1. I'm checking a number: the convex hull volume of the Cα atoms of region 1-153, normalised per residue, in Å³. What is it?
2. Among Gln278, Gly179, Tyr237, whose Cα sits farthest toward the positive end of the charge dipole of the chain (+1 at Cβ of Lys/Arg, -1 at Cβ of Asp/Glu, about the Cα centre)?
3. From the gyration tensor of the Cα coordinates in region 222-367, what semi-axes in whole Å does the equivalent ellipsoid have, largest first, with each one equal to sqrt(5λ)?
4. Can you give the net charge of the other residues whose Cβ lies under 12 Å from the Cβ of Ala234, counting K and R as +1 and D and E as -1?
5. Counting each DSSP H run of 4 or more residues in the chain as -39500 (n - 2.57), what helix-only mean residue ellipticity at 222 nm follows after dividing by all residues, to the nearest 500 deg cm²/dmol?
6. Sorted by average packing, counted as other Cβ atoms within 10 angstrom per residue and highest first, what order do 167-175, 249-257 take?
7. With springs connecting C-alpha atoms under 10 Å apart, model the chain as a Gaussian network and identify which of Thr72, Thr259, Thr297 has the largest mean-square fluctuation.
8. Please give the net charge around Gly169, taking every other residue with its beta carbon less than 12 angstrom from that of Gly169, where Lys and Arg add +1 and Asp and Glu add -1.
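Each reported figure results from applying straightforward, stated rules to the coordinates on display, with no laboratory input. Small disclaimer: the values here were computed from a predicted structure and weren't measured. Neighbour counts run over all protein chains shown; Cβ positions are idealised from the backbone, glycine included.
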Amino acid sequence: MRGRWYQPQSGWGWARPAVSGNVVYFGDGAGEVIARDLVTGDRRWTAKVGQEPVFGANILVRSGVVVAPLYTFTVGLDAGTGRVLWRFKAPDDTTGVQPGFTALPGTVAASRIDADDQTVYIPAWGASVSAVDLHTGIARWVWQPGRIDGDTATSGVFRSGSMSVRVSGDTVFATLWHGVNRSIGFSEAWLVAIDRLAGRELWRVRLPFEGSGVLIEAMPVIYQNLVIVHTLSARTYAIDRTTQKVVWEFTRPSAHLSTIAGAELFGDVLYVDGGDEQIHALRPSDGSVIWSAPFPTQATHDLLVTQNRIYVPIGAELYVLDRQTGNTVAIAHQPQTSDPLFSSPAAFSNGLVFVTVGDGAFCFDEP
């Protein structure tokens, strides 16, 4: 595996870099968004946008705008110059706060954002999804689930969060965890369909498994008429978007690890971390297994799937697997620093892999 470049930057950010043309955009741990030359890694521009790390799960570029979630807000920047166009703060995480207490902000930590050519869709804690104009940052609409009889919403303190969205045609699909009691010792995972233009809820599905805390983070995957979601409890569900019925479920009886990474689709194959120290390739139509490959632990960030490879970060290492078999091709280690962390998912363009690491940005050739 041949390294192309390594460039130092402050601390570490969680967001998957975004590639547009001959520029790759990184976030760091000091509230900076950095545009780098694709070939050399040299800085084109640096924008100091806040005091928080870039904590969202992905940066994206649409219609000449770079969008980056930090921790308590999301920022839009001009892709050519780095000029800040807007900042957006989602609704508060908590409502019904007693006098003398402060509401928690609607954080976007680990949130997977999505966009079309005019609007970026931002999920946040507090169970909100905001449709924000790409160029102005003005909210077109904000969806929230509302009060639900018999749970925390009726007590005045609502504990819930949305952490991922996916735009598909006229619909925005959001994954959501919902605390049924105040301590979130009992919680549910939902898939919600929202009208893309109006922000009106079309339907919601409560997934069969119940647990505690944050049950679901991952971005939904769209395959034909199915919406596929992968949970922290190592369960993968395919929901028919017309009938809202669960068509299939993939769960390994031996699963014992949390699965932070979402399912990733490439062509007609779905790739998931099974929580059983294996990576699985599935047929998205029915959830049947194509192959299963041993893996030493769990993914710590979302997978990257290319024509030939699967990239799986596990903290101090980045595993590279053959896409056809799941066999390990290479193991990448962080260069030039005492901090070994691979802190973001990887990105890919024209045979090059880009990833945020401890105190730096790293680029290497696909092995």
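1. 134
2. Positive-end residue among those listed: Gly179.
3. 28, 16, 14
4. Details: positive: Arg235, Arg252; negative: Glu249, Asp273, Asp276, Glu277.
Net charge in that neighbourhood comes out at -2.
5. Value at 222 nm, helices only: 0 deg cm²/dmol.
6. 167-175, 249-257
7. Thr297
8. Here the charged neighbours net out to 0.
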